[in-house]
Amino acid sequence: METHLVAATGLQAYAWLLIALPLAGAAILLLGGRATDKWGHYLATALSGGAFVLGFLMFWQMLGYPGEERARSVHLYQFIKTGSVDVDMGLLLDQLSISFVLLITFVGTLIHVYSIGYMAEDANRRKFFAYLNLFVASMLLLVLADNYLGLFVGWEGVGLASYLLIGFWQHKPTAAVAAKKAFVVNRVGDMGLAIAMMLMFATFGTVSYTGVFGLVENPAVSEGVMTALGLLLLLGACGKSAQLPLQSWLLDAMEGPTPVSALIHAATMVTAGVYLIVRSGVIFEASPTAQLVVAIVGAVTLLAGAIIGCAKDDIKKALAGSTMSQIGYMVLAAGLGPVGYVVAIGHLITHGFFKAGMFLGAGSVMHATEDDVNMRRYGALRKLLPITFGTFFLGYLAIIGVPPFAGFFTKEGIIEAAWDQNVVLGVCAIAGAAITAFYMSRLMFMTFFGEKRWDPDVHPHESPAVMTVPLVILAVGSAGMGAFLMLGGRFESFLEPVTRTPHAEHHLITLNGVVTLVLVAVGVAIAWVKYGARPVPQTAPQGSALTTFARKDLYGDALNESLFMRPGQWLTRLAVFFDNRGVDGLVNGLAALIGGTSGRVRRLQTGYVRSYALSMFLGAGLLVAALLVVRI
Amino acid sequence: MTASVLAAGNIPAPHVEYDLVAPLLLVFGTAVLGVLVEALFGRRWRPRIQVPLAFAGLGAAFVWTVILAVNADPHQVAAEGALGIDGPTLFIQGTILVLAMLSMLLIADRRQDTFAAQAAALPGTDAEARALAGGSEHTEIYPLTLFAVGGMLMFPASNDLLTMFVALEVMSLPLYLLCGLARRRRLLSQEAAVKYFLLGAFSSAFFLFGIALLYGYSGSMSLGDIAQVVQTGQTIVPEEVVGRVQPQEATEALLYGGVALLAVGLLFKMGAVPFHSWKPDVYQGAPTPVTALMASGTLVSAVGALLRVFYVALENMRWDWRPMMWAVAIITMVVGSIVAITQTDIKRMLAYSSVAHAGFLLTGVIATSENGLSSVLFYLAAYGATTIGAFAVVTMVRDTSGEAGHLSRWAGLGKRSPAVAGIFAFFLLAFAGIPLTSGFTGKFAVFRAAFEGGAAPLVVVGVLSSAIAAFFYVRVIVLMFFSDPEPEGPSVVVAPATAAAVALGLAATVVLGVLPQPLLDLAGQAAGQLFVR
């Protein structure tokens, strides 16, 4: 792909401000300390909002250019300069990155607003907002960088922010452990990305997008290298986007405050893997093997996530399983090549809206029930929390793919694309849609319908306006975003210069679509029979083997523990033992030896001139001897 | 034949190149003037004249040295072959003069009360109390210091062994005296003076005996002649008797004995093991400004003389003396570093540190190459400046009984006076050879020279010793910054002259660490000329 990049002009030349604004917010709040407690959260929200306004203006400017000339570059500075490796740090404003910029800053700002209410009583609210701003800045760097190294910096930045925010309530041991787990699992993926970059340096001598993509067609580069690159990038994507086999951290990450789950672990950060795959599309297209693996990973994860979502009683964990599953859809689509890119990104954006809306809705429910997350102690909340219920319901319709709500258009597109390419993948996608309908309906019925099951001393109440207004806005997006993007191929033609998607006729009503809708209806019906019509027991019943399997996250943790954690712990124990007995023993022994020698030699310094003179005399003899020894 | 006839006829007047020896003459002349000031001026006036006079003398000598080095660039013997004036010598002399001026700042800082009011008064007697009350002071220290500095300048310039011996004594005698002049802990100070004197005399005897043996070996005192004899194996025949006396086979036993004994005298002044035992006692007892002068100037001078003897007279037998110097260098580095660990007095610790550094310097001497020479020259300048800075800080940390010598008194100094403690920590890091300090550049240079000279094992020992040495330097830093201060710990007394010395020492340590190239180039240029024969 030969992209001739035009330097950005006008407002776009200041694209770095997008990153600088929230970064400055994080710096001010963290360095300013307690002095910023009073107004810090407003500042953070304003800066995030400012970034959105800027991003929107840049988007507007971009729309003014003809389609093929919308990609603009902003050169910032020379990042690294060594003998053989030069990396220039720059930003790339194109249709793909601006879509992400708008999503991140828009949803991010809404979640900032929501958090003002949600975190009102937290003593460390200032820090929370600082981390949120840090996250927004890193995420923007991730999507705006024009090279893999810049992306990696953002990648690590969002990882750090995610770690800090999952463990935000670190006084809870579970939160601290979850943060650590997320961090460790992500390292595995990051290692893949890091090695991929090294491989790029070695193969292409550059890590810039234009440089790498321009050389992919080079016949000197073997397909094996491209496959390796693709698989390594996929490993990175799996870590960040909680795809199998690196999915285990996402469910635990729900220990973080709910706005964090909405922003980072549903709407934006976890989709970074999809961004990476779509951005590196050229590499994957050069290696059908890697592409197929991507699609398989996506398909397996979408089923696994959906199955986990069916068995969870914790509302946030059920939603987290759903997130896994929906990202699985996106990865599957991204693995289909240019045909899938538009629907992948489209689903990513609509998912950003409806999932963030539902997470915030879950937060609102928790707010109402004194932070209870167990759905078995909810029930009949629709009358007490009308706004939350209404917005949640719109998100629900969107995710299960009821027309004309957002998810319908994008998910249907993925199913269609998968079906066209590979029947097995298509069947997986359709099955996933049915399961999604089941577990989301289950969640819906358990939370808002049926009998009330909460404790008598809990008095559910609707959340304040600062929390419900973002819900309403997101709900509008959940309802209309899909139609807005997909109808008439609007998004497709917008993204076309980046994704090179061949134009195809899309029919609103297809055989797949009808089958899917029927299966969705079946899923909803089963859920109604099991959880809507019958009373829900307060304690979870025993359940079948499959339920247990799903409750235990498909034994992902058990697998990790037995395969990696236990042997790893043995290794560390061995290393500690070796360090204590071997290294420390050696070092301490040496120190003791030197110290003891010092004490002994020191005694030669008696203070008597006569003994000093004697030592000199003996020394003189030594010198003579040393000279004479040579002669012998 | 009367004496007058002899004087007028047979003995020609010696020819002296006054321009080349002017720095020496300036320093000695100022010293003599200082003595006259002592005789002619009243007590109130003496300090006011002595201090500027001393600085003027040292400054003029330094300027002259620089002019000589830049304009004349001499490479010749002067004063009938008694002195060799060449690149390395001028570098060493310039270094000594700068260090002497820095030390003079400490000596002249009269606010610090370092020197005894009346040295002749017995400690603890009424006479002493009266002298203290009367505010009397010994302004003789200035001419004495200048004589010592003159000796230091002459010692490495001496081109024949007899001159070298005279220079050694001129340098040492005033120092013996100055060591005994401390105002506080006078018994310790006097004990140090006596020890230094006795051991110095002992080492001088070795030195003199070594000269005698070498004369017996070669038939000459001149370093150049000795080098020639070492090469040819034939003794030198004096000019007057050429033709009448035939050259003879030189006796090698005399040579080895002579070299060993000469080395004893030189290594003693350097403080190499096993001739180091005076160092901790004397450094501790002497007034700290004098310690600073000895630790910098005397060391530079002694190493300079050692370089000249071993590079000029004995270069051709370097395969013979290298094992001896290897042994000395190794035990010096190791013993200096190890024994320093258990020291509890800051000055004694610095003394052992100085012993270890003498060992590091010896590795450069052993290289016997142009690189070795230039690296040693750089090391001397860098180390000298840092040392004076460090001792200057020692004079600043005081309590009611004078300087706070015991290390435990330094605990928590970083909390009380972060700036002073920070600067001292920086000096210690420089001694330890941490990068971005002059200590690192110097150590790196000598080790590289030694490595190139085929002394890799020596470098390994040097690096290991540095690691051990780093321990006790860092221990002091930890003590200063991570221990709680004592309730009645010492306070930091800042006097302008001392502060100036600290600042200059710090500046040199930083600049030579960050931007060493100019001085390295200068040292390389000086060494490129090698010693004159």
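Here are the numbers for the structure shown:
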quantity	calculated
Förster radius 56 Å - calculated FRET efficiency between residue B:474 and residue A:37 (Cβ-Cβ, nearest 0.05)	0.90
Estimated distance in nm for a label pair at residue A:122 and residue B:56, the labels positioned 7 Å out from Cα along Cα-to-Cβ	7.6 nm
Total charge dipole magnitude, chain A, about the Cα centre, Cβ charges on Lys, Arg, Asp, Glu only, Debye to nearest 20	2240 debye
Unit charges on C-beta of K, R, D, E only; dipole of the protein assembly as shown, Debye	2900 debye
Residue (of A:605, A:574, A:594) at the positive-pole extreme of the stretch A:565-616, dipole from beta-carbon charges	A:605
Accessible area that becomes buried as B packs against A, both chains, 1.4 Å probe, Å², nearest 100	2600 Å²
Total charge dipole magnitude, chain B, about the Cα centre, Cβ charges on Lys, Arg, Asp, Glu only, Debye to nearest 20	1440 debye
Shielding of B:468-480 by partner chains, average beta-carbon count, 10 Å	1
Under Karplus coefficients 6.51, -1.76 and 1.60, residue-wise ³J(HN,Hα) of the stretch B:519-533 in Hz, glycine/proline x	5, 4, 4, 4, 5, x, 4, 4, 5, x, 7, 6, 6, 6, 9
Under-5 Å amide H pairs with residue B:234, H placed in peptide plane, nonlocal only	B:250
Alpha carbon convex hull of the stretch B:390-533, volume per residue in cubic angstrom	144 Å³
Heavy-atom accessible surface of the stretch B:16-528: percent carbon and sulfur, 1.4 Å	67 percent
Protection proxy ranking, peptides A:92-103, B:491-502, B:337-348, average beta carbon neighbours within 10 Å, highest first	A:92-103, B:337-348, B:491-502
Net charge of neighbours whose Cβ lies under 14 Å from the Cβ of residue B:109, counting Lys and Arg as +1 and Asp and Glu as -1	+1
Principal-axis tilt of helix B:46-67 within chain B, Cα atoms, nearest 10 degrees	50 degrees
Convex hull volume per residue for chain A, taking Cα atoms only, in Å³	238 Å³
Sparse-neighbourhood loop sites, chymotrypsin sites (Phe, Trp or Tyr not before Pro) in the stretch A:193-237 - DSSP loop, at most 11 other Cβ within 10 angstrom	none
Per-residue ³J(HN,Hα) for the stretch B:426-440, Karplus 6.51 cos²θ - 1.76 cosθ + 1.60, θ = phi - 60°, Hz, x for Gly and Pro	5, 4, 5, 5, 5, 4, 6, x, 7, x, 6, 10, 4, x, 5
Sites matching trypsin sites (Lys or Arg not before Pro) across the stretch A:249-356 that sit in DSSP coil, with at most 15 neighbouring C-beta atoms within 10 Å	none
Relative contact order for chain A, counting Cα pairs under 8 Å that sit 6 or more residues apart, in percent	12 percent
Top positive-direction residue, dipole computed over chain A with Cβ charges, set A:276, A:339, A:30	A:30
Extreme residue, positive dipole direction of the stretch B:16-528, given options B:134, B:148, B:61 (C-beta unit charges)	B:134
For residue B:83, residues with placed amide H under 5 Å, excluding near neighbours	B:78, B:159
J(HN,Hα) series, the stretch B:139-154, from Karplus relation 6.51 cos²θ - 1.76 cosθ + 1.60, nearest Hz, glycine and proline x	7, 4, 4, 5, x, 4, 4, 5, 4, 4, 5, x, x, 4, 5, 7
Apportionment of accessible area to carbon and sulfur, the stretch A:445-502, percent (1.4 Å)	66 percent
Ellipticity estimate at 222 nm from DSSP helix runs (n ≥ 4, -39,500 (n - 2.57)) divided over chain B, nearest 500	-23000 deg cm²/dmol
GluC sites (Glu not before Pro) within the stretch A:393-475, DSSP loop, no more than 15 other Cβ atoms inside 10 Å	A:451
Within chain A, helix-based [θ] at 222 nm, where runs of 4 or more DSSP H residues each add -39,500 (n - 2.57), nearest 500	-23000 deg cm²/dmol
Heavy-atom SASA rank of A:383, A:411 (probe 1.4 Å, accessible area, largest first)	A:383, A:411
Förster radius 41 Å - calculated FRET efficiency between residue B:173 and residue B:244 (Cβ-Cβ, nearest 0.05)	0.50
Two-decimal log10 I(q)/I(0) for the protein assembly as shown, as the Debye equation yields it once each C-alpha is a single scatterer, q = 0.04, 0.07, 0.10 Å⁻¹	-0.38, -0.79, -1.08
Axial C-alpha extent at least 18 Å, average Kyte-Doolittle at least 1.6 - helices from chain A (DSSP)	A:16-32, A:288-311, A:386-400, A:423-448, A:465-486, A:511-527, A:609-631
Per residue solvent-accessible surface (Å²) - chain B, probe of 1.4 Å	36 Å²
10 Å Cβ shell holding at most 16 others, DSSP loop, GluC sites (Glu not before Pro): longest site-free stretch of chain B	B:81-487
Per residue, in Å², the accessible surface of the stretch A:25-65 once ligands and nucleic acids are set aside, probe 1.4 Å	51 Å²
Net charge of neighbours whose Cβ lies under 15 Å from the Cβ of residue A:43, counting Lys and Arg as +1 and Asp and Glu as -1	+4
At 1.306 mPa s and 10 °C, Stokes diffusion of chain B via Kirkwood alpha-carbon radius, µm² per second	67 µm²/s
Residue A:222 accessible area, 1.4 Å probe, all protein chains in place, Å² to nearest 10	60 Å²
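The values are calculated or read from the model by the stated rules, or taken from the named source; none is laboratory data. As the structure is a prediction and not an experimental result, all values here were calculated from the model. Because the Cβ atoms are built from the backbone with ideal geometry, glycine has one as well, and the counts that use them run over all protein chains shown. For accessibility, only protein heavy atoms count, side chains too; no ligands or nucleic acids. Shrake-Rupley method; radii C 1.70, N 1.55, O 1.52, S 1.80 Å.
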